[in-house]
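First the structure, in the form of structure tokens, and then the observations on it.
The values are calculated or read from the model by the stated rules, or taken from the named source; none is laboratory data. Nothing here was measured: the structure is a model prediction, and the numbers come from that model. Here Cβ is always computed from backbone atoms with ideal geometry, including for glycine, and neighbour counts include all displayed protein chains. The accessibility values were calculated without ligands, DNA or RNA, using every heavy atom of the protein model including side chains. Shrake-Rupley method; radii C 1.70, N 1.55, O 1.52, S 1.80 Å.
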Amino acid sequence: MRAADEQDFAAYVAARRPALVQAVAVLGSPPGHAAVLADRALARAGHDWGELREGPGPDVEVWRLLLEERARDRTRWWHDEPAAAAPGLDRLDPGRRTGLVLSALAGLPDEDVAALSGCWPSPGDPATPALEQEARELAAAVPVVSRSGAEVAAQRPPRRVPRGLLVLVVVLVLLAGVGTWRGLQPEEPPEAEEVVGPARVRQLEHSVPIPWYAVGEVVVGFSALRVPGVRRLVAVRDAVVYGDGEGRVVRADPSGERLLLGRSAPGATIVAERERSWVSWVEAGTGDLVVVDATDGTELGRRDLVPAGGDGPAAGIGPLSLEGPTVHYVDGAGSHEWRPVGDVTGRGSGSVGPVMLLDVDGLTWAVQSSPETITFDGPFGPPLTRRGVGAQLSFGGGYVLTRGGADRYAAVRVYDTANGRRRAAGVRPDEIVLDASFSTTGAITYVIGGGSQVAGADEFRRLSEARGWLLRTCFVGSGSCTDHLRVSSADGEPLLAR
């Protein structure tokens with residue numbers, strides 16, 4: 001690095017590094033690890049500082065490198081240095097949280113924040129100003145130990161073994177050990193552990209705010225993975241976890257790499273905590289509720305469930321949501337909270353509500369209070385009851401999405417949980433919603449089929465198969481919608497990640 005570049009880089013580090021460390025801490029990393037990630041990003045920027053100086057400005061590139069370092073980091077930091085609690089921000093989707101933190105702390109134009117986070121910083125959510133203030137207050141409380149530009153620039157990135165070399169070593173070890181293995185092989189060898197190989201990947205030109213599945217492919221960002229038979233789909237940090245028709249629970253990333261995590265009943269509920277990449281489901285065979293770190297398949301805890309009355313399990317028994325370190329689940333005794341880290345077997349979990357709990361997000365919950373009504377309660381007002389069957393809360397609990405009846409094609413309804421007012425859903429009367437999921441705070445992504453006659457499912461299916469399925473995202477606050485693309489209906493109905 002030239003002397004002029006060194007001087008300029010040192011000045012930049014002195015001016016910007018505290019905000020970078022504080023931002024990573026507000027995103028959910030503890031301060032010590034936040035400093036490590038910020039220094040890695042700055043060191044990478046320092047290698048090309050001359051080019052960055054001559055461009056429009058290094059800020060956007062430095063923030064991009066910072067988010068990239070955090071996304072690919074696999075340090076299990078919460079075992080050694082837990083992150084500080086952020087009551088409002090912890091309830092947000094990671095993309096929405098990133099956009100909000102950048103808007104509050106980075107000093108970047110809105111279009112740059114949207115490009116970096118994938119979320120427009122002000123989507124019409126009335127909670128945004130309070131959340132940004134929370135981000136600023138949390139940032140101000142983060143201690144930052146200063147480092148010079150020379151110390152940061154001299155930092156070496158973590159060494160990674162080249163994949164080709166790693167494969168060669170593994171092959172040589174296997175070849176060297178095959179004779180020994182045969183000699184020591186027991187008379188009845190144990191059953192080999194099932195593995196899943198990489199999925200075939202193709203690149204797309206269009207993106208949707210959340211992962212989705214259709215026509216035998218799981219779509220993550222701009223990557224389409226050939227994975228037939230998916231029944232359930234959840235998003236975790238930079239990947240997805242799916243459950244297939246054989247009951248396998250599998251993590252898949254955009255490169256096509258897959259990891260078998262366990263087994264559930266085919267089509268059973270899977271829930272995820274996106275930031276930590278934790279997932280939970282009811283294990284096939286044992287019927288235990290398990291929590292697994294999807295990053296490497298480590299089991300974090302399990303507990304038995306109280307059986308439902310009758311001969312078989314009741315609908316809805318199992319996990320409802322994972323937020324931060326807490327699992328919300330329902331069994332035959334009611335609804336419960338459980339923190340598997342520190343309480344692996346669930347002895348410390350307690351009952352917190354009725355069996356008909358539908359969803360929990362932070363301080364807001366929703367229950368099926370009667371066969372045709374839901375009741376939701378948040379921090380901004382008394383419990384409110386409205387017509388609906390089933391419920392899904394937005395990130396932060398500001399809105400609740402439900403259906404107007406028990407029919408699977410019943411019209412969707414959106415309510416503001418603060419005052420109970422019905423909000424525009426963004427779906428026309430001649431359209432039917434097959435699936436819907438909150439993608440960011442105040443944004444809903446739909447799978448929509450169109451047709452002039454919607455009374456019968458058979459007629460609806462016939463019309464939709466002729467036209468394909470439409471993927472659409474609508475912001476509840478502003479009422480604006482974006483139609484992304486149509487997909488073929490030749491392999492069944494699309495599925496959105498939760």
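Residues in region 254-273 that are in contact with a Leu (Cβ under 9 Å, 6 or more places away or on another chain) and not small (Gly, Ala, Ser): PRO254, ARG258, THR269, ILE270, VAL271, GLU273. Report the residue count in region 79-93 for those that are part of a helix (DSSP H, G or I), within 18 Å of the chain's Cα centre (by Cα) and at pLDDT below 75. So the answer is 2. Scan region 105-139 residue by residue and report those that are at positive phi and at pLDDT 80 or above. Answer for region 105-139, where residues must be at positive phi and at pLDDT 80 or above: just GLY107.
For region 16-58, the set of residues classified as open to solvent by 40 Å² or more (accessible area, probe 1.4 Å) and acidic (Asp, Glu) consists of ASP48, GLU51, GLU54, listed by residue number.
So the check is Cβ under 7 Å with 6+ separation or different chains; which pairs have a first residue in region 417-428 that's open to solvent by 60 Å² or more (accessible area, probe 1.4 Å) and a second one that's modelled with pLDDT under 90 and assigned to a loop (DSSP other than H, G, I, E, B)? That search, which allows pairs on different chains as well, returns ASN419/GLY381; ARG423/VAL476; ALA424/GLY479.
Looking only at region 385-397, count how many residues are open to solvent by 30 Å² or more (accessible area, probe 1.4 Å) and not basic (Lys, Arg). Here the count works out to 4.
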